[in-house]
Amino acid sequence: MLILAKTAMAMMIGFILSVVLGIVLIPILRKLKISQNVSATVGKRHSSKNGTPTIGGLIFILPTIVTIILLYLRGSISFSSNLVIVIIVFLAYALLGFLDDYLKIKYHNNKGLSMAFKFLMQMLIALVFFYIYMKNGGEPTLEISSLGIDVNLSWVYGIFILFLLVGTSNAVNITDGLDGLATGLSACAFFTYGLLAWNAGWLEGYQEIAIFCFVLVGSLFGFLLFNSHPAKVFMGDTGSLALGGVLATIAILTRHELSLALVGFVFVVETLSSLIQMISIIKFKKKIFKMAPLHHHFEQCGWSESDIVKLFWTVGLILSMIAITYGVWM
């Protein structure tokens, strides 16, 4: 019962703080004209979204960090080395995304940071994480406990971690194309990893990591009040890169790296659809999808934005429940 009480409290505090911050911040963003320039390539449906405030990721990032600090000052949690790693990655990717959003706003286009520079910085953050992780006693192994499989990947594990961090941060960024889509899917994913973390009693600071996840879930629900269709604010790269980076980090720390493919299945499919489309156009001069990523393909097929989001949320929720069943009970 204590675990349930802590979970409810963490989500409640995150939710309340994010709602309050959203009410205060969104009018300020409008006044300062910190808004999104929607590309004409995504179709006429999205033209009405032009001018919608962005950098809304702050609405769930700041409450999450503030809540963790308040809980620490109250003596409810302690700062373990693993929690510090989670927070560092969370803020580092958020800062990178913020810089990208800032340049887009300043120059009134969707270019922002160059792809090469953004990728380089994502790699650098991932390398720093890998260094700290290994220095902190991390092992370069992949485990499938239910099958008794424990594979030592040696130096290859470093490449795997880089791929996981950079890939997941970009996957959430790609998925963030419809109102509330990435927000709802992320809430499902972090709730799942919160339960998985609470089941990882062998991990130093496992309770604090679980609480971080639940605080973030509450903050995401608060943000969803403003981000659901029709969105009053977008999370921007500030939010999407931070969510993807810290999701991969928690998956690695809890030794549930492979579960990320199930929990984040929609993110994976969205990314693959963009990759397949790009390769097909370059190699064969032909489109596989009417538009990529996949959510835009459904739009081109005549689906409403709300129906697409509800379908993707449902898939994400079902797969998250399967991951919880496998990770906690099996």
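From 125, 132, grab the single residue that is touching a residue at least 40 places away in the same chain (Cβ under 8 Å) and under 19 Å from the mean Cα position of the chain (by Cα).
125
Do the conditions hold for residue 79, that is, is it surrounded by fewer than 16 Cβ atoms within 10 Å (Cβ to Cβ), among the hydrophobic types (A, V, I, L, M, F, W, C) and touching a helix residue (DSSP H, G or I) at 6+ places or on another chain (Cβ under 7 Å)?
Judged against the criteria, residue 79 is a match.
Condition check: modelled with pLDDT of 95 or more, surrounded by 24 or more Cβ atoms within 10 Å (Cβ to Cβ), out of contact with any Cys (no Cβ under 7 Å at 6 or more places or on another chain) and of a type in the set (Val, Ile, Thr). Does residue 233 satisfy that?
yes
Out of the residues in segment 1-40 meeting the condition of being among the basic types (Lys, Arg) and part of a helix (DSSP H, G or I), tell me which one is modelled with the lowest pLDDT.
6
Which condition number in (1) under 15 Å from residue 178 (Cβ atoms); (2) in contact (Cβ under 8 Å) with a residue 40 or more places away in the chain; (3) of a type in the set (A, V, I, L, M) is the one that residue 311 fails?
All conditions are met except number (2).
Restricting attention to helices (runs of 4 or more DSSP H) lying wholly within segment 245-309, give those where 3 or more residues are within 20 Å of the chain's Cα centre (by Cα) and buried (at least 21 other Cβ atoms within 10 Å of the Cβ).
265-284, 294-300
The values are calculated or read from the model by the stated rules, or taken from the named source; none is laboratory data. All values reported here derive from a predicted model rather than from experimental measurement. We place every Cβ from the backbone using ideal geometry, glycine too, and count neighbours over all the protein chains shown.
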